[in-house]
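Colleague: Take a look at the following structure, please.
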């Protein structure tokens, strides 16, 4: 009888206090900034194409063929980043990989701001595609590993919503500012993400493994 009661107690989900809840929300919010940046990178080609497609008033313009390549490169290099992050997150941890995922994004945004040719436009898109792919695996792993079961669903939905928020934010900025200004302002997102992710703990599942 005693063993049966002990087993029931072991199967009861553990609940933690409000401090633990706040800590989990902060950690999830910090890594969600990375997903906002991901959404901004996905939405940016729409803004750039709007300004550069067959625009004789711009210092350089894009043809229909160049536009099709520019819109595709982001997703061509996306799987490469995903493959690398899947391997590296097991070796170096979720937190380090989330920090590292912001590096190509920062260089991509800065290069986009200074771009004056189609070639450099393609290059910054390659960097962003790698950053997008590289960020997905550690983000999804991290949310599942640091949250309680009762919070896991809502925290995961917050992460998914963040990328859509990033796309919307890019469109709003594109309506208000010129595309180079949007690129410059967008560098604040990965920089902010790095500062916040530094403050959150590493995944306990990875530390144990």
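What follows draws every value from the coordinates through simple rules; no lab data is involved. Not measured: the values here are computed from a predicted model. Because the Cβ atoms are built from the backbone with ideal geometry, glycine has one as well, and the counts that use them run over all protein chains shown.
Colleague: Quick check: the angle from helix 149-176's long axis to the longest principal axis of the chain, C-alpha only, nearest 10 degrees?
Modeller: 10 degrees
Colleague: Which order results if 120, 135, 163 are arranged by neighbouring Cβ count within 10 Å, fewest first?
Modeller: Taking fewest neighbouring Cβ atoms as first place, the list is 120, 163, 135.
Colleague: In degrees from 0 to 90, rounded to the nearest 10, what is the angle of the helix 94-114 Cα long axis to the longest principal axis of the chain?
Modeller: Helix 94-114 sits roughly 10 degrees off the main axis of the chain.
Colleague: On C-alpha positions alone, give me the angle between the axis of helix 118-146 and the longest principal axis of the chain, in degrees, nearest 10.
Modeller: Roughly 10 degrees between the two axes.
Colleague: Cβ neighbours within 10 Å, averaged per peptide: list 170-179, 185-194 in order, most packed at the top.
Modeller: 185-194, 170-179
Colleague: Once the Cβ-Cβ distance between residue 51 and residue 90 is put in as r, and R0 is 25 Å, what FRET efficiency do you end up with, to the nearest 0.05?
Modeller: Rounded to the nearest 0.05, the efficiency is 0.05.
Colleague: Something else: Neighbouring Cβ atoms within 10 Å as the yardstick, rank 19, 95 fewest first.
Modeller: So the ranking, lowest neighbour count to highest, is 19, 95.
Colleague: Quick one: go through region 87-121 and flag any residue whose amide nitrogen is under 20 Å from the point 7 Å out along the Cα-to-Cβ line of residue 65.
Modeller: 117-121
Colleague: For the pair residue 208 and residue 110, what calculated FRET efficiency results from E = 1/(1 + (r/R0)^6), where r is the Cβ-Cβ distance and R0 = 25 Å, to the nearest 0.05?
Modeller: Step by step, r from the Cβ atoms, then E = 0.10.
Colleague: Would you work out the relative contact order for the chain, in percent, from Cα pairs under 8 angstrom that are 6 or more residues apart?
Modeller: It comes to 36 percent, rounded to a whole number.
Colleague: Moving on to the next point. Please find the FRET efficiency linking residue 58 to residue 172, where r is the Cβ-Cβ separation and R0 is fixed at 25 Å, and quote it to the nearest 0.05.
Modeller: Efficiency computed from Cβ-Cβ geometry: 0.70.
Colleague: Using Cβ counts within 10 Å as a stand-in for footprinting exposure, how do 100, 130 rank, fewest first?
Modeller: Least crowded to most crowded, the residues run 100, 130.
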